[in-house]
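These notes are about the structure you will find just below.
All of the numbers you see were taken from the coordinates with simple rules; none came from a lab. Since this is a predicted model, take the numbers as computed values, not measurements. Please note: Cβ atoms are built from the backbone with ideal geometry, for glycine as well, and neighbour counts cover all protein chains shown.
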DNA sequence: GCCAACGTTGGC
DNA sequence: GCCAACGTTGGC
């Protein structure tokens, strides 16, 4: 069982949207490192922190979800109408993958990036370290459990 | 809108 | 394989 943080822009797709639909195809990943993590390490049942990025004061962790389908070819790469079509991807050997994510809970409020950054227990979390721009961030059980405990105090 | 910190592309 | 140019992410 592994733990992840997955970023989304809430004006595109928020925790509320995930709660409403229940299960969502997490498409649009166009980064090889992230693809490899999804392909090699992400398993059904893994736990996910849902992170709202580019959201001003509301930037931070919004709730939790779990992986409910393992990596499969991202259909949006072949759709010229999609946000990120990839004409170089071969349908016989698709370049990009996606997973399905299932809503678990929405936090009472956002656990803000500010709070995460100022918490001495999370100094070594990849989320707050310099240079990280990946949309999926490996998270330890310890970090996940700690963040859940924080969320309960919100 | 700015900019740091990447990743990708393509010429050589 | 190197590297300049360019594109993207995402915090601020």
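See the values below:
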quantity	calculated
Listed peptides A:122-133, A:3-14 by packing density, highest first (mean Cβ within 10 Å)	A:3-14, A:122-133
Whole-number percent relative contact order across chain A, with pairs defined as alpha carbons under 8 Å at least 6 apart	30 percent
Difference of contour (0.36 nm per residue) and Cα-Cα distance, residue A:9 to residue A:95	28.6 nm
Inter-site label distance for residue A:78 and residue A:140 at 7 Å from Cα along Cβ, in nm	4.2 nm
Simple spin-label estimate for residue A:70 and residue A:114 in nanometres, 7 Å along Cα-Cβ	4.3 nm
Inverse of mean 1/r across different Cα pairs in chain A, Kirkwood, Å	15.9 Å
Computed FRET value (nearest 0.05) for residue A:128 with residue A:53, which takes r as the C-beta separation and R₀ as 22 Å	0.95
A:68, A:98 arranged by Cβ crowding within 10 Å, fewest neighbours leading	A:68, A:98
Potential extension, residue A:41-residue A:153 segment - 0.36 nm per residue separation minus Cα distance	37.2 nm
Tilt relative to chain A, helix A:141-152 - C-alpha long axis, 0 to 90 degrees, to 10	60 degrees
